[in-house]
There are 4 protein chains.
Amino acid sequence: MVERFVRERDWNQFHTPKNLSVGMAVEAAELMELFQWRDAEGSAALMRQARARRAAGEEVADVMIYCLAFANRTGIDVAGAIRAKLAKNRRKYPVRTYRGRFGPDAPRATTPPPRPQSR
Amino acid sequence: MVERFVRERDWNQFHTPKNLSVGMAVEAAELMELFQWRDAEGSAALMRQARARRAAGEEVADVMIYCLAFANRTGIDVAGAIRAKLAKNRRKYPVRTYRGRFGPDAPRATTPPPRPQSR
Amino acid sequence: MVERFVRERDWNQFHTPKNLSVGMAVEAAELMELFQWRDAEGSAALMRQARARRAAGEEVADVMIYCLAFANRTGIDVAGAIRAKLAKNRRKYPVRTYRGRFGPDAPRATTPPPRPQSR
Amino acid sequence: MVERFVRERDWNQFHTPKNLSVGMAVEAAELMELFQWRDAEGSAALMRQARARRAAGEEVADVMIYCLAFANRTGIDVAGAIRAKLAKNRRKYPVRTYRGRFGPDAPRATTPPPRPQSR
């Protein structure tokens with residue numbers, strides 16, 4: 001769908017890898033702007049409001065459309081790239097070390113056990 | 001897959017909408033950095049080199065993983081949001097006005113007809 | 001100093017307004033990355049650590065160097081632009097309406113009076 | 001001036017290092033957006049139009065205001081940080097290796113000598 005949209009407008013000439021990466025950053029910034037002055041709770045609360053949630057949905061869609069356009073343009077297999085990156089992240093952030101912390105030295109933020117996730 | 005990765009590490013506590021939007025912007029910037037000093041041609045040429053292409057694939061995957069994590073967290077239907085945004089863009093950028101130009105007043109950049117796209 | 005650094009390397013050819021704006025965004029993202037997973041308190045605490053503070057200082061300097069290079073390249077008077085923008089912001093965000101809140105409808109975040117700022 | 005503007009509105013509570021870095025990135029993205037679809041020449045040409053130049057000046061001012069607010073908040077000496085970073089960059093990018101190229105392996109982009117810079 002993205003490729004067709006681009007081709008119908010003959011926009012591939014503007015869709016250089018560089019410009020598409022700029023597009024991602026611009027749209028990500030527009031999403032970020034929604035949360036700029038809010039803290040964690042405030043940004044979660046905002047996402048429970050229908051209007052802000054719809055606005056966020058549009059921005060996320062914009063970011064992903066640029067990602068897909070980038071993949072179309074450069075021949076990157078998006079699904080494969082995501083799978084490969086998750087596999088790499090699994091090795092880089094072993095559960096044992098990173099569970100409940102975002103860095104190896106960061107204190108665990110949650111009091112254990114936060115909720116029964118096992119089933 | 002993304003949700004599982006996050007849940008196994010109990011990272012939902014860090015995955016506020018705000019932080020995930022920051023993540024998108026940070027990863028988009030890392031992609032952009034690959035092309036920072038290159039022009040259109042140079043950035044396209046770079047993407048024909050296996051190593052740079054692999055690096056770009058990782059960055060795009062990072063951006064998309066944050067998009068998916070954001071959608072998981074906020075309950076946004078990604079596929080629906082993309083479809084809706086493309087429909088909106090089709091109305092906003094009618095082919096007649098925008099074919100070959102990125103703005104209504106921008107000069108057409110391509111000498112017509114660039115290639116027989118009709119069939 | 002910035003102009004001289006650029007000229008000595010004959011880098012003006014790369015310093016298009018576009019590339020310099022990308023540079024700002026890339027460096028701002030590197031700064032942002034330091035705080036990505038931290039909340040307000042955590043990011044303030046981080047800035048009390050000498051090493052992280054030095055790293056942040058370098059990133060802020062990078063952002064400003066690109067701003068100055070942008071101004072040098074486009075002939076923008078930086079000091080004048082900052083003064084003009086602050087004047088505009090003063091009109092846009094009158095103290096009466098915005099004191100203690102980041103939006104006209106945002107609840108005041110501070111319990112009054114936070115500290116005797118009057119003298 | 002920046003500190004006074006912030007203090008009058010009691011905005012220091014929102015001006016965490018994290019939020020200010022987000023602010024820089026958001027404003028840098030707004031500047032970048034002006035050039036998103038333009039190439040080097042097009043972005044330089046745009047900056048010769050009074051209206052676009054004024055818009056760019058405002059965005060650069062926004063970026064710098066956030067930089068100054070960040071420095072005010074964290075106690076970073078902006079002028080010192082810029083000087084130190086330029087000194088570091090001078091060592092990192094020796095003129096001999098980098099003159100006319102943005103990377104050690106990048107081809108020199110200019111035909112020598114572009115203009116008599118030596119005196």
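Could you tell me which of the residues B:R53, B:R4 is open to solvent by 60 Å² or more (accessible area, probe 1.4 Å) and either within 18 Å of A:C67 (Cβ to Cβ) or among the aromatic types (F, W, Y) (or both)?
B:R53
Among the residues of segment A:29-43, which ones are under 21 Å from B:Q13 (Cα atoms), of a type outside the set (D, E) and either more than 7 Å from every other protein chain (Cβ to nearest Cβ) or part of a helix (DSSP H, G or I) (or both)?
A:L31, A:M32, A:L34, A:F35, A:A40, A:G42, A:S43 - these are the residues of segment A:29-43 that are under 21 Å from B:Q13 (Cα atoms), of a type outside the set (D, E) and either more than 7 Å from every other protein chain (Cβ to nearest Cβ) or part of a helix (DSSP H, G or I) (or both).
What is the one condition in (1) within 19 Å of C:A81 (Cβ to Cβ); (2) assigned to a helix (DSSP H, G or I) that D:R48 does not satisfy?
(2)
Just for segment B:13-28: of the residues that are open to solvent by less than 30 Å² (accessible area, probe 1.4 Å) and assigned to a loop (DSSP other than H, G, I, E, B), which one is farthest from the other protein chains (Cβ to nearest Cβ)?
B:H15
Quick check on segment B:15-38. Is at least one of its residues in contact with a Pro (Cβ under 7 Å, 6 or more places away or on another chain) and within 30 Å of D:G100 (Cα to Cα)?
yes
To keep it simple, each residue is scored yes or no on (1) under 19 Å from the mean Cα position of the chain (by Cα); (2) in contact (Cβ under 8 Å) with a residue 40 or more places away in the chain.
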| residue | (1), (2) |
| --- | --- |
| A:R4 | no, no |
| A:A29 | yes, no |
| A:Q36 | yes, no |
| A:G42 | no, no |
| A:M47 | yes, no |
| A:V63 | yes, no |
| A:L68 | yes, yes |
| A:A79 | yes, no |
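Only one of these is of a type outside the set (K, R) and open to solvent by 10 Å² or more (accessible area, probe 1.4 Å): D:A71, D:A44. Name it.
D:A44
The values are calculated or read from the model by the stated rules, or taken from the named source; none is laboratory data. Just so it is clear, the structure is predicted and the values come from calculations on it, not from any experiment. Methodologically, a virtual Cβ is constructed for each residue, glycine included, from the backbone with ideal geometry; neighbour enumeration extends over all protein chains shown. Remember, those area values only see protein heavy atoms, side chains included, never the ligands or the DNA or RNA. Shrake-Rupley method; radii C 1.70, N 1.55, O 1.52, S 1.80 Å.
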